[in-house]
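Scroll down for the structure; my scribbles are underneath it.
The values are calculated or read from the model by the stated rules, or taken from the named source; none is laboratory data. From a predicted model like this one, the values you see are computed outputs, not experimental measurements. Reconstructed Cβ throughout: ideal geometry from the backbone, glycine too, with neighbour counts over all protein chains shown. For the accessible areas, the whole protein counts, side chains as well, though only heavy atoms, and no ligand, DNA or RNA atoms are used. Shrake-Rupley method; radii C 1.70, N 1.55, O 1.52, S 1.80 Å.
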Amino acid sequence: MTRPIYDLIIVGAGMAGASLAIALRNSNLKIALVEATEMRTHSQPSYDDRGIALTYGSQRIFETMGIWSKIQDHTTAIKTIHVSDRGHFGVTRLSAEHEKVPALGQVITAKILGQTLNEQLSTQENLDIICPVTVSSVQPHDDSVSLTLTNNEMLTTRLLVAADGRDSTIRHYLDMTSSEQQYGQVAVTANVTTDQAHKGMAYERFTASGPLALLPLSSDRSSLVWTVKTGEEDELLSLSDEDFLTTLQQAFGYRAGRFIKVGQRQSYPLTMMQADNPVHDRVVLIGNAAHSLHPIAGQGFNLGLRDVAVLAEQIFNANDCGNAAVLADYQHWRQADQDDVVKSTDRLVKLFSNNISLIAHGRSAGLAIMDCLPMLKHQLAQKSMGMSQHHPKLSRGIPLS
Ligand SMILES: Cc1cc2nc3c(=O)[nH]c(=O)nc-3n(C[C@H](O)[C@H](O)[C@H](O)COP(=O)(O)OP(=O)(O)OC[C@H]3O[C@@H](n4cnc5c(N)ncnc54)[C@H](O)[C@@H]3O)c2cc1C
């Protein structure tokens with residue numbers, strides 16, 4: 001088959017790549033989405049049962065894109081975030097009521113979000129979905145980029161967006177350098193049920209084995225992300241459900257009630273990666289391909305969705321969407337937010353993974369002091385809601401046209 005010259009090829013149809021294609025639904029751009037797996041959520045590795053916390057900023061973006069109304073019934077509002085340090089006195093609470101917003105964030109399973117994005121993509125007229133296939137080579141030229149796929153098909157585009165995740169092959173092919181941190185930690189995830197209703201409460205608890213987060217989910221379940229040292233995950237994964245619940249209870253305490261049920265457990269090695277420059281000749285990295293974060297603050301996809309909102313606005317009406325000036329403007333707009341979220345997440349991981357007594361006392365004193373300082377708490381809440389940067393149109397409720 002002879003393919004046209006595309007305006008935009010997106011490699012990777014995870015949450016970031018799919019969202020970008022949908023944000024450009026009403027544009028005149030001719031788009032191709034190239035994905036390694038079948039576009040069915042049970043085949044796509046990122047669309048498992050994990051809870052994804054969406055900030056208020058992400059909710060606004062999805063509302064403007066027409067996605068929110070389709071997922072709303074499956075989301076659970078975070079009314080309060082309770083941050084504590086097991087064995088130390090510091091506790092702080094961030095509340096929606098205090099911030100005068102209906103919710104601090106909304107939680108949805110990656111699977112349901114993925115299903116909705118896939119349904120939306122399947123009806124999009126300016127889009128060719130090419131899957132399951134990967135890219136075997138990339139060649140940027142002055143006015144286009146050519147790609148060869150593993151089925152030997154050749155494609156040409158004005159702009160190539162790599163949304164192919166943390167181990168982005170496009171980033172590697174183009175020798176785009178990145179900074180990486182190995183945390184020596186693994187996240188063990190599962191959905192759990194307690195004998196008390198969660199009432200919209202999210203918990204971030206710092207335990208001796210590592211940070212442990214619970215996000216409120218539908219059907220009164222909570223989504224658990226338990227960070228442990230690499231190697232320790234094997235035991236947690238191999239325990240019977242009953243023993244896992246007992247071990248979890250010991251680590252977390254009884255603040256959320258008694259843990260009575262656990263779903264399927266998964267594990268994810270945790271690293272930080274940030275591309276030194278996410279823009280190359282006619283190529284942009286977005287989402288995890290540009291920056292991949294520890295999930296401690298639940299900011300990874302929220303940051304990626306802000307990449308999507310800004311890039312979609314920059315290229316929606318551009319004559320040549322791969323033009324160097326367009327891409328430079330994009331990165332100029334995104335840089336501060338990307339650096340800020342990557343650095344603050346990294347600081348949080350280091351602070352809360354450290355058990356040296358002085359640091360542990362310092363951080364619990366920090367939590368206790370913050371609880372008494374409304375302004376600091378307000379700033380933290382604004383950040384966790386994704387509200388503290390210069391907003392693109394989609395986050396201000398203005399459709400792209
Ligand atoms: C335990 C855990 C909890 C998390 N919780 C939150 C949270 O609460 N809130 C939040 O905002 N974020 C959270 N995140 C982060 C979030 O999951 C990621 O930021 C998000 O999934 C990244 O999406 P992406 O589309 O950029 O990349 P990916 O999800 O990695 O998608 C990449 C896609 O590209 C495809 N692909 C890969 N290589 C190729 C290739 N060569 N050719 C074609 N296709 C290719 C893959 O099949 C995949 O579909 C969490 C992450 C973890 C691990």
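Regarding E97, is this residue open to solvent by 20 Å² or more (accessible area, probe 1.4 Å), acidic (D, E) and at pLDDT below 95? So E97 passes the test.
Step by step: first the residues of the range 180-201, then only those that are farther than 22 Å from E242 by Cβ and among the polar types (S, T, N, Q), then the one that is most open to solvent (accessible area, probe 1.4 Å). Which residue is that? The extreme case among them is Q182. Among the residues of the range 249-271, the ones that are modelled with pLDDT under 95 and hydrophobic (A, V, I, L, M, F, W, C) come to 4 in all.
For the range 145-162, which residues satisfy the criterion of being surrounded by fewer than 20 Cβ atoms within 10 Å (Cβ to Cβ) and part of a strand (DSSP E or B)?
Here is the first cut: in the range 145-162, the ones surrounded by fewer than 20 Cβ atoms within 10 Å (Cβ to Cβ) are 146, 148-154, 156.
Those that are surrounded by fewer than 20 Cβ atoms within 10 Å (Cβ to Cβ) and part of a strand (DSSP E or B): S146, T148, L149, M154, T156.
Applying the condition of being polar (S, T, N, Q) and in contact with a Gly (Cβ under 7 Å, 6 or more places away or on another chain) to the range 215-230 and asking which residue is farthest from the ligand (Cβ to nearest atom) yields T230.
Kindly establish whether I71 is of a type in the set (A, V, I, L, M, F, W, C) and open to solvent by less than 20 Å² (accessible area, probe 1.4 Å).
Numbers: of a type in the set (A, V, I, L, M, F, W, C): yes; open to solvent by less than 20 Å² (accessible area, probe 1.4 Å): yes.
Yes.
Within the set I31, I52, I22, I61, the sole residue that is at pLDDT 95 or above and over 28 Å from G322 (Cα atoms) turns out to be I52. Taken over the range 202-233, the criterion of being touching a residue at least 60 places away in the same chain (Cβ under 8 Å), open to solvent by less than 60 Å² (accessible area, probe 1.4 Å) and of a type in the set (A, V, I, L, M) is satisfied by A202, A213, L215, L217, V225. The residue of the range 19-50 that is least open to solvent (accessible area, probe 1.4 Å), among those that are touching a strand residue (DSSP E or B) at 6+ places or on another chain (Cβ under 9 Å), closer than 22 Å to I108 by Cβ and near the ligand (Cβ under 7 Å from one of its atoms), is E35. Here A290, A324, A312 are screened, and the one residue that is in contact (Cβ under 8 Å) with a residue 40 or more places away in the chain and open to solvent by 20 Å² or more (accessible area, probe 1.4 Å) is A324.
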